[in-house]
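Down below is the structure, laid out as structure tokens.
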Amino acid sequence: MPLDPRNYKDMKIVLCGPNTEDYLNEEGASGKAVEQFRLTCLVFYVELVKQMRKRVNHKDKTLQALEYLDPKVAMNGTVEIISPLTIRFSKLLGKSQSEIASARDTLENQWVSLPDSKEEMILKSSGEELVS
């Protein structure tokens, strides 16, 4: 992995937050100082990612299943069940086994219907009627 941070992103698009961006874009900010500041931020981001890669098990099934929550994935219908997540986070669904089972069933049913609801939204926004 190259260590030169200039290999990672264009310095002009390193995000530093809205308040910092406002300050950096002020007329009095020196171009050289701004570039050095962005470079320092980039070095920090690169090191942060390196440390995360060392500490996070990217092959963990739960972590991989979190991809399901990406709206593009959720709405395209390619992931038919979300039980890996509902099982892993079952304590968030209720206290008793019956509450958890009921909540899991509800979530699974809602999950399966997401692609259909996307189609309904598209049809409604285009003014077309849904044909059953």
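None of the figures in this text is laboratory data; all of them are computed from the coordinates on show. As the structure is a computational prediction, the values presented were derived from the model and not from experiment. With ideal geometry, Cβ positions are generated from the backbone for all residues, glycine too; neighbour counts draw on all protein chains shown.
Rounded, prolate or oblate: pick one for the stretch 61-126, where a ≥ b ≥ c are the square roots of the eigenvalues of its C-alpha gyration tensor, a/c under 1.5 means rounded, and failing that, prolate if a/b is larger than b/c, else oblate. Intermediate values should be presented prior to the final figure.
Numbers: a/c = 3.24, a/b = 1.67, b/c = 1.94.
Oblate shape, in that a/c is at least 1.5 and b/c is the bigger or equal ratio.
Around Leu93, which amide H atoms from residues at least 5 apart in sequence, or from another chain, sit under 5 Å from its own amide H, with H modelled in the peptide plane?
Correct list: empty.
Among Ala74, Leu93, Trp111, which residue has its Cα positioned farthest towards the positive end of the charge dipole of the stretch 61-126, with +1 placed on the Cβ of Lys and Arg, -1 on the Cβ of Asp and Glu, and the dipole taken about the Cα centre?
Leu93
For Thr62 and Asp105 in the same chain, what is the full-extension length gain: residue separation times 0.36 nm, less their Cα-Cα distance, in nm? Mind showing how you got there, number by number?
Details: separation 43, 0.36 × 43 = 15.48 nm, distance 1.91 nm.
Separation in residues times 0.36 nm, less the Cα-Cα distance, equals 13.6 nm.
Compute the Cα gyration tensor for the stretch 46-91, then decide on rounded, prolate or oblate, letting a ≥ b ≥ c be the square roots of its eigenvalues: rounded whenever a/c is under 1.5, prolate when a/b is larger than b/c in the other cases, and oblate in all that remain. Please report the intermediate quantities before stating the final value.
Values: a/c = 3.18, a/b = 1.70, b/c = 1.88.
Note, shape of the stretch 46-91 comes out oblate.
Using θ = phi - 60° and the Karplus form 6.51 cos²θ - 1.76 cosθ + 1.60, what ³J(HN,Hα) does each residue of the stretch 80-94 get, whole Hz, x for Gly and Pro?
Result, rounded to whole Hz: 7, 9, 10, 4, x, 7, 5, 5, 5, 10, 4, 5, 7, 8, x.
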